[in-house]
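Asks: I have a structure here, written as structure tokens, and I will follow up with some questions on it.
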Amino acid sequence: MNKKQWGFTIITVLIGVMLAIQFKTVKNTDVRDTRDTWQLREDLQNEEALRLELLEEIRSQEEKIAQYENNIAANKEEILRTTLDELKTEVGLTEKSGPGLILTIQPIAEELIIGSQVGKVTPDLLKRLLNELNRYGAKEVAIGGHRVINSTVIRDINNITKIDGYSIQALPLELRVIVENEQDAEQMYKRMQVSKSIEDFFIENLTLDIQLAENEITVPAYNEPIQMTDMKEAGKNSEGGHS
């Protein structure tokens with residue numbers, strides 16, 4: 001085989017390899033991620049929001065530590081009082097105002113439910129709705145004039161839906177939802193317009209009306225004792241401190 005034939009053979013092999021690589025590349029591009037891209041995007045946004053929230057909390061705590069260190073003698077009482085007020089606000093023990101939404105649950109018109117019973121707001125319906133609102137950025141929520149906090153219990157007692165012991169049988173039932181800012185309120189309003197909760201309530205012969213509040217709305221303070229079920233008093237050691 002002369003040099004020309006060798007050269008032609010090598011070029012042919014190289015072209016074959018390049019075509020094989022190109023074919024594999026094109027073939028691989030046909031493999032698609034079948035996951036819900038909107039869900040992935042929403043999960044990513046939620047994770048990013050949580051990360052920013054944690055960073056903000058860390059920054060706030062670092063500032064408090066600096067305050068304690070710099071003013072421990074002169075302003076200790078004032079700093080403790082400020083911290084206590086912040087904790088009360090965080091757990092819902094103070095009245096809160098801000099931008100948000102007003103949701104109203106009421107029965108479907110009687111002529112549309114001939115032969116069916118008037119709808120009832122069940123604990124499951126409320127819990128699913130609250131989960132959705134929290135997912136969309138709710139900061140504070142009140143149901144029927146009662147503040148919802150982390151320890152709030154929604155359950156059925158003798159076929160009556162109750163929130164922390166308060167009956168919420170009467171309709172219409174109003175929910176007030178406060179968010180961080182007006183932009184968040186508008187975003188939540190748009191999302192809730194296509195919410196699955198609307199369909200869930202309709203199936204139970206109820207309507208869920210969602211309105212963007214024109215002015216700031218107010219939710220009341222939580223007015224029930226907060227139960228500390230898993231806390232115990234620390235014992236004292238032999239030196240007079242706490243163990």
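Every read-out reported here was derived from the displayed coordinates using simple, explicitly stated rules and does not represent laboratory data. Here the structure is a predicted model, which is why all the values come from computation and not from measurement. Methodologically, a virtual Cβ is constructed for each residue, glycine included, from the backbone with ideal geometry; neighbour enumeration extends over all protein chains shown.
Asks: How far apart, in nm, are two points set 7 Å out from the Cα along the Cα-to-Cβ line at residue 109 and at residue 87?
Replies: Modelled inter-label distance: 5.4 nm.
Asks: Just to be sure I understand the model, the point goes 7 Å from the Cα along the line to the Cβ. What's the resulting residue 131 to residue 51 distance in nm?
Replies: Distance between label points: 2.6 nm.
Asks: Could you line up 141, 177 from fewest to most neighbouring Cβ atoms inside 10 Å?
Replies: In order of increasing Cβ crowding within 10 Å: 141, 177.
Asks: Another question, then. List the residues of the range 44-66 whose backbone N lies under 14 Å from a point placed 7 Å from the Cα of residue 191 along the Cα-to-Cβ direction.
Replies: Flagged as within label range: 44-50.
Asks: Set the bar at 30 Å for Cα to Cα. Now go through 127/190; 64/162; 64/139 and name every pair that lies beyond it.
Replies: Values: 127/190 20 Å; 64/162 39 Å; 64/139 23 Å.
Beyond 30 Å: 64/162.
Asks: Oh, and also: With an 8 Å cut-off on Cα pairs and a minimum separation of 6 or more residues, tell me the relative contact order of the range 96-219 in percent.
Replies: 48
Asks: Sticking with this structure for a sec: Give me the number: length gained by fully extending residue 180 to residue 167, i.e. 0.36 nm times residue separation minus the C-alpha to C-alpha distance, one decimal in nm.
Replies: 1.8 nm
Asks: Which of rounded, prolate or oblate describes the range 37-91 when judged by the alpha-carbon gyration tensor and an a/c cut-off of 1.5?
Replies: Verdict is oblate for the range 37-91.
Asks: Ok, one more. Over every pair of different alpha-carbon atoms in the range 96-219, take the mean of 1/r and invert it; report that Kirkwood radius in Å.
Replies: 14.8 Å is the Kirkwood radius here.
Asks: Would you calculate the separation in nanometres between label points at residue 80 and residue 59, each defined as 7 Å from the Cα along the Cα-to-beta-carbon direction?
Replies: A separation of 2.9 nm, rounded to one decimal place.
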